[in-house]
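Down below is the structure, laid out as structure tokens.
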Amino acid sequence: MAAYLIRRLWQMIPTLFGVVLLVFFLFKAFGGDPAEILGGLSASPEQIQAIRTQLGLNEPWWVQLGIFLKQIVSFDWGRSWATNESVANLFATRLPATLTVMVPILLLDTLLAIPIALLVAYLRGSLTDRSIMVATTVALSISFLVYVIVGQYVFAFQLGWFPVQGWTDSLATNLLVYTPLPVLLAVMVGVAPQTRLYRTFFLDEIGQDYVRTARAKGLTEPRILLTHVMRNAMIPILTNVAVSLPGIFVGSFLIEVFFSIPGLGREVLLAVNRSDYPVIQAVTIYLAVITMVVNLATDVLYKLVDPRVVLK
């Protein structure tokens, strides 16, 4: 296992370097002139030239690439062009709010979808199975924006159960007061496709020969489902969770905007609108690193779930 982890970590280096090159040259080719963006329409040519000098844009491209690599290694991305705030400090102060929303969504999506999918797979063909599948189809057909508008109107304005917006420095207050509504709406959207997909995984396993053998040995249906079917279906489920994790991370950005949560997502959207390259570049690289780390963690979990898996 240790050798595998070292080998995978070593393989991440060229992958990350490829992402860095792609991000660097895309910004160079299509990002426009940062000096003109910072200077604005009223800036004189002398001011624009001074900004270029300050940012190192007059240096050859390989020197600029070296500066970019140094920023990545040192985790020092400079300062936001829009707010002059340190990008590292921006991440450190905004990321906790994003995780406060994102982690409950990920956990509830998975922990609710798995038992529901297992139940409908066990009751396949029944009225309960068909009813839940129809409900998930309807849920998939509704835009997330509709969930947000209706959810805020019903649960916040009409019933008064949750505030529409607000945030504090207390984690407990945020979890109990301000995050339940956005998390509830996000889970309502996310559970439907997960349930349908996991039901397919379970049905594939239920049709295998080892299930018929277990039944022939006299094992009860709940034991077969929980001990054998669940364990074998966990590998594609883990794969799906790993693949959807970056999407949940980005999706939490939209929730932060709708509910005025002071997280990383709102800063990223503002950075895109302002062409704030240091923030955008940092987010892009961090997402790439997170994706690679999650993929590695998922491969390790494969081995823990099924010892027959061989890590090469």
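The values are calculated or read from the model by the stated rules, or taken from the named source; none is laboratory data. Just so it is clear, the structure is predicted and the values come from calculations on it, not from any experiment. Glycine also receives a Cβ, built like all others from the backbone with ideal geometry; neighbour counts cover every protein chain displayed. Accessible surface areas use protein heavy atoms only, side chains included; no ligands, DNA or RNA. Shrake-Rupley method; radii C 1.70, N 1.55, O 1.52, S 1.80 Å.
Annotations
- Potential extension, residue 294-residue 15 segment - 0.36 nm per residue separation minus Cα distance: 99.0 nm
- Approximate spin-label separation residue 89-residue 223, in nm, with each point projected 7 Å along Cα-to-Cβ: 6.2 nm
- Reach of residue 70 by Cα under 16 Å, taken over aspartates and glutamates that are not fewer than 8 positions away in the same chain: 59
- Separation in nanometres of the label points that stand 7 Å from Cα toward Cβ, at residue 215 and residue 273: 5.8 nm
- To the nearest ten degrees, helix 2-30 and the longest principal axis of the Cα atoms of the chain are 50 degrees apart.
- Here region 167-312 is assigned +1 on the Cβ of each Lys and Arg and -1 on the Cβ of each Asp and Glu. Its dipole about the Cα centre then comes out at about 600 debye.
- Between the Cα long axis of helix 45-55 and the first principal axis of the chain there is an angle of about 50°, rounded to the nearest 10.
- Note that the chain shows a convex hull volume over its alpha carbon atoms of 180 Å³ per residue.
- 0 to 90° range, to nearest 10: angle between helix 277-305 axis and the chain longest Cα axis: 30 degrees
- Note on region 111-195: Rg/Rh from C-alpha atoms, Kirkwood Rh, equals 1.08.
- Reachable aspartates and glutamates, given that their alpha-carbon falls under 16 Å from the alpha-carbon of residue 217 and they are not under 8 places away in the same chain: 209
- Annotation: per residue accessible area for region 239-300 equals 37 Å², rounded to a whole number [probe 1.4 Å, protein chains only].
- Percent of Cα pairs in region 208-312 per distance bin of 5 Å, from zero to the largest separation: 2, 11, 14, 14, 13, 11, 9, 8, 7, 5, 4, 2, 1, 0.
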